Each structure stands twice: as structure tokens, then as C-alpha cells.
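The values are calculated or read from the model by the stated rules, or taken from the named source; none is laboratory data. Just so you know, these numbers come straight off a predicted model, no measurement behind them. FYI the Cβ positions are ideal-geometry reconstructions off the backbone, even for glycines, and counts take in every protein chain you see.
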Amino acid sequence: MSDKTLDCSDIDQYLGKPMQPARTRDVVASSDIRRWVQGMHYPNRLHYDDDFAAESRYARIVAPQSFPVATDDGHGAAPCCVGAIPNSHLIFGGDEWWFHGPRVFSGDLIRNERVPFDYVVKETKFAGPTCFQRGDNMYYNQKNEKIATQRSTSIRYLAEAAREMGSLKGTDDPVWTRDQLAELEEKKFDYVKTLHALGHGKRYWDDIKVGDKLPTRIFGPHSIASFATEWRAYAFTIWGTMHRRTDLDLEALGFTKDMAGHENDPVMERQNPELTDGAYFGPSRGHLFPEWARTIGMPRAYGYGASMGAWIIDYFAGWAGEWGRVVHCNSAYRGPAFSGDITIMDATVIDKSVDAEGRSIVQVDCKMSNQLGTVMATAKAEIELPKK
């Protein structure tokens, strides 16, 4: 039996203190936006089709509300991964987003100002003593307009403890027949047709009733190929795209030597950039390589927490349409998307109100689950809709 002591005392010295920001070297391009929605499985023409976007309220392609995290250098995880926890690993535990109004377009230059927030240690069935650590990401454009605030939660734990407590069950991908896959494609397209049906129209607050259901969104089966596509949708995964941090040492944070690597290392990027690619070396390779997934207590290849957050925001924003917007969303991740599984999203309107700012708001409650009914994530959001 391993020593399950989780020493988080080093975190205290960093709380509330700004850390190095994330800064992209290049302005956002339309194809960055297109690559993002393709990687996030979000076929909303507003974000990739020039002709459709030209007829919209924006008169051009606009990034989805989920896009700011694509401009960060680490999925929004940096401020919730400070301080050394010896022999630990990390997965995403949740995101809370506030959207402040400005949208992202081609030509914008985005930066992320980051501050570690807090942490708490809890006993979990997954890995025994587990650190839930939070940090704030504040995204700005070149005009110094605040686009969004992301409060991320990381789950930091001892991988050996996770393995001992039985997290490695279900190491084989489920098998889908061709008929089942064909049926899934039909159901997936049913959701896409709801985006087409709304088009450039308005979904009015007045017409929404408490208890209304959002259309079911299905995607998958997930695979190592689809996870790799997600990974490449994040700008920081491409050589030379970021002003790399000089204060990052993953081994010093407590990551075991075989998982620390040189991800985001500015010196190594100039010497041998292959070693800085987290898809192949370092803490992110557990997503794409089952052997390394099992090393950190996961049964098989698995998706990215920040991508799950994007799926949720896109789901809400797609329903709201181009005349509505998500103003706040709080998501809790209970387990990742594993290779071979599908993701099923459902949501219900649970409240309607006019807030203190005079905005017409509906509140929705969302559940994300796989084909077995296992809940992967839950979320509540406030969505502003136009009023008649």
C-alpha cells in the first residue's frame, strides 16, 4: 500500500499573486476559428462558413464563445496548477465562465491574465486524499476589453493511489456495429438540423417556458484520432505560437519524472521542439496513449476537460442563436470522455427572469453522459435571449 499523504502546503505562497500571462504571438485568423469548431465537433455555420456569416448580425465569421480557452497556453489550467505536490498528477475538475460582452474576430490579439485562487483537500473514491485547486483566467483583446473570465478547477492526486483504488477498470473500448454507427450519425445530424432551422433567426425569451427541453446533442464515438484533433485545435500545441512561460517546471510542481517532460518549454522548443509537444511527451500524453493513461490512473485514452467545457458552452450558445449569448456557465466534470464512448447532452430550462441589468435571462440545467448513462459532467448556465 502506498503512502497516500498529499502535501499541498507549497501552494499557499502563490495564492492571489498574478503569474506570467499567456500571450499568443499572432492575431486570431479565421482558420483558427474554423479549426477550433471542427475540433470541438460544433458545426455552426456562423463560425466557419463565410457566406452564411456575411448574412449574420456580425457580417463576418465570429468565434464561438468557447474560443478564448483556445488562445491560452494550457487549457486554462495554469493558475490551478501552482505549488509543488510531490508525486502527483492532474486532471480537470470543472470550469466556471463569465462572459463580459466583447466577441472574438479575425485580427484580434488575445492575452490571458492569471491568478491562483484557492484550494481544498477532500477524500475521494477515485484517489483518496485529493486536492481541488482553483485559479482565475481573464481574457483580454488588443483593445484591453475583457472578453471572459474562466475560473478553472484542477484535480491533483497521487496516481499510485488512483491505481490502487480500482480506477483502471474498463480498459477496452466498447465495440459499435456499423448499423449502430449509422444510427448515431442520424441522431447527430438531428441536432445539426436544429442549428440550421434557427439560422439567423431570434429565439425570443418570451416564447421560452420553464420545463422546455433543449435538443439532444450526441457526438462520438470518441477515439484517439478525435482527441488528437481536439488537441491540435488549441493554438499552444503548435510550435512557436506562444510567448512561452519561463516560470514553468512540471517536475518541480511534483509531476513524476516520466510524465513531466518539456511541454511549453521555450528553451527546448528552439532545440528540439518534438520533445515539447505534450501529445507525445509529458503530462498530456496520457490522453492519446493508453499505456500512459494507465500510468496516471486512467483506464484508456481520454479527452480534455477544457474541451468538455467548450462542448457545454457551444451547446448553450448554439441553442441561443446569434442574437442570444451565454452570460455565465458553471460546469463540474465527474469523469472524462473515454475512447470508444459517445457523449450525450441534454438540458432543461429551469428558470426565467429579468436581472438587475435588465437582461432577459433563462437558466438551463445540463447533464452530459455516455451511452451507459454514466454522468460525465453537469452544468448550469444563464443565457441572455432577445425580448419581443
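Values for this structure:
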item: Residue check, Ala70 farther than 24 Å from Val327 by Cβ and either out of contact with any Gly (no Cβ under 9 Å at 6 or more places or on another chain) or touching a residue at least 40 places away in the same chain (Cβ under 8 Å) (or both); result: no
item: Restricting the stretch 221-260 to residues that are among the hydrophobic types (A, V, I, L, M, F, W, C) and under 22 Å from Glu160 (Cα atoms), the residue that is surrounded by the most Cβ atoms within 10 Å (Cβ to Cβ); result: Phe255
item: Residue ID - nearest to Val69 (Cα to Cα), chosen from residues in the stretch 199-244 that are touching a strand residue (DSSP E or B) at 6+ places or on another chain (Cβ under 9 Å) and among the acidic types (Asp, Glu); result: Asp212
item: Within the stretch 86-100, tally of residues that are more than 23 Å from Cys366 (Cβ to Cβ) and within 20 Å of the chain's Cα centre (by Cα); result: 2
item: Number of positions in the stretch 229-244 that are assigned to a loop (DSSP other than H, G, I, E, B) and either within 21 Å of the chain's Cα centre (by Cα) or without any contact (Cβ under 8 Å) to a residue 40 or more places away in the chain (or both); result: 5
item: Residues of the stretch 184-198 satisfying the condition of being touching a Pro at 6+ places or on another chain (Cβ under 9 Å) and surrounded by 14 or more Cβ atoms within 10 Å (Cβ to Cβ); result: Leu184, Tyr191, Val192, Thr194, Leu195
item: Unmet criterion (only one of (1) in a loop (DSSP other than H, G, I, E, B); (2) over 25 Å from Asp118 (Cβ atoms)) for Ala70; result: (1)
item: Breaking point among (1) more than 25 Å from Asp265 (Cβ to Cβ); (2) modelled with pLDDT under 95, for Gly74; result: (1)
item: Selected residue (only one of Ala306, Ala347 is outside any loop (DSSP other than H, G, I, E, B), closer than 26 Å to Ser223 by Cβ, at pLDDT below 95 and touching a strand residue (DSSP E or B) at 6+ places or on another chain (Cβ under 8 Å)); result: Ala306
item: Some residue of the stretch 55-69 being under 20 Å from the mean Cα position of the chain (by Cα), under 28 Å from Leu158 (Cα atoms) and surrounded by 15 or more Cβ atoms within 10 Å (Cβ to Cβ); result: yes
item: The stretch 271-303 - residue that is touching a strand residue (DSSP E or B) at 6+ places or on another chain (Cβ under 8 Å) and assigned to a helix (DSSP H, G or I) and, of those, modelled with the lowest pLDDT; result: Pro283
item: Considering residues of the stretch 320-335 that are in a loop (DSSP other than H, G, I, E, B) and touching a helix residue (DSSP H, G or I) at 6+ places or on another chain (Cβ under 7 Å) only, the residue farthest from Lys188 (Cα to Cα); result: Glu322
item: Number of the condition not met by Gly201 [criteria: (1) at pLDDT 95 or above; (2) within 24 Å of the chain's Cα centre (by Cα); (3) in a loop (DSSP other than H, G, I, E, B); (4) surrounded by fewer than 16 Cβ atoms within 10 Å (Cβ to Cβ)]; result: (2)
item: Residues of the stretch 251-270 satisfying the condition of being of a type outside the set (D, E, K, R), more than 21 Å from the chain's Cα centre (by Cα) and not in a helix (DSSP H, G or I); result: Ala252, Leu253, Gly254, Phe255, Thr256, Gly261, His262
item: Complete set of residues in the stretch 285-331 that are aliphatic (A, V, I, L, M) and closer than 20 Å to Leu90 by Cβ; result: Leu288, Ala293, Ile296, Met298, Ala301, Ala306, Met308, Ala310
